[in-house]
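Input: a single structure, listed below in structure tokens.
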Amino acid sequence: MIAQVSGRLAAKQADRVVVQTTGGVGYEIVVPLGVMERLPAVGETVSLSTELVVREDGWSLYGFQDEAGRRLFQRLIGVTGVGPKIAIALLSALGVERGARAVRDRNIALLASVSGIGKKTAERLALELADKLGEFEEGAGAAAPPMGGAAASALLALERLGYATPEADRALRQALAANGGGDAETLVRRALQLLTNG
């Protein structure tokens, strides 16, 4: 099990990063939008909580800002029909606290608004996890800032402009990978340039 990767941020791509450890090993790690938003510049030191997912078609490493993000990801992929891709989409769109709250409150409409999650999957998430996410309520917010603040707001703004969630998410990730962070307005502007120019 690879539970944490620390080292130099060697590369940022649209949906993943490469972290090079002091031993010279480079780990390719898939991250949610909120994590991408908070990463330092390429070349700087970074530490991510990670979860290794082994499947027939290959191994993938997923990275999170903190242990809470990792634990919620583990809970999500434990639900029948929810794979890593859907779990990352949920964390990208809602963040840890809001995502956990949506499941706890059985907010089917909000869950189903996430790309890849239909009404049936949203209902299954609520049914299987609603009573098992108490740990994300108590003090989770005090330990870590809400994930995906500006990026989540920018994603919502792009959706309101009529862009499909996957398309908007991809453009935001490209903007973050190319230029780093910024407020929601800046991110929307950069994403719109990418969306309109190709």
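Diagonalising the gyration tensor over the Cα atoms of segment 6-104 and scaling each eigenvalue by 5 before taking the square root yields semi-axes of 23, 16, 10 Å, largest first. Modelled spin-label separation between Arg55 and Leu127, with each label point placed 7 Å from Cα along the Cα-to-Cβ direction: 2.2 nm. Computed from the C-beta positions of Ala109 and Glu185 and an R0 of 22 Å, the FRET efficiency is 0.25 to the nearest 0.05. Loop-resident GluC sites (Glu not before Pro) (DSSP state other than H, G, I, E or B) in segment 9-48 with no more than 11 further Cβ atoms inside 10 Å of their Cβ: Glu44.
Across the accessible surface of the chain, with the other protein chains kept in place and a 1.4 Å probe, carbon and sulfur atoms take up 49 percent. Rounded to the nearest 500, the 222 nm mean residue ellipticity of the chain from helices alone is -15000 deg cm²/dmol, with -39,500 (n - 2.57) taken per DSSP H run of at least 4 residues.
Excluding same-chain neighbours fewer than eight residues apart, the aspartates and glutamates reachable from Lys12 by a Cα-Cα span under 17 Å are Glu28, Glu37, Glu44, Asp169. Normalised by 2.2 N^0.38 Å, where N is the number of residues, the alpha-carbon radius of gyration of the chain equals 0.99. A simple count of charges around Ala152, restricted to other residues whose Cβ falls under 14 Å of its Cβ and scoring Lys, Arg +1 and Asp, Glu -1, yields -1. Rolling a 1.4 Å probe across the protein heavy atoms gives the chain an accessible surface of 48 Å² per residue.
For segment 1-31 versus segment 55-76, the spacing of their alpha-carbon centroids is 14 Å. With a 1.4 Å probe rolled over the protein heavy atoms of all chains, the accessible area of Lys85, Lys119 falls in the order Lys85, Lys119, largest first.
The values are calculated or read from the model by the stated rules, or taken from the named source; none is laboratory data. Computed from a prediction, not measured in an experiment: that's the story for all the values here. As a convention, Cβ positions derive from the backbone with ideal geometry for all residues, glycine included, and neighbour counts pool all protein chains shown. With ligands, DNA and RNA removed, areas are computed over all heavy atoms of the protein, side chains included. Shrake-Rupley method; radii C 1.70, N 1.55, O 1.52, S 1.80 Å.
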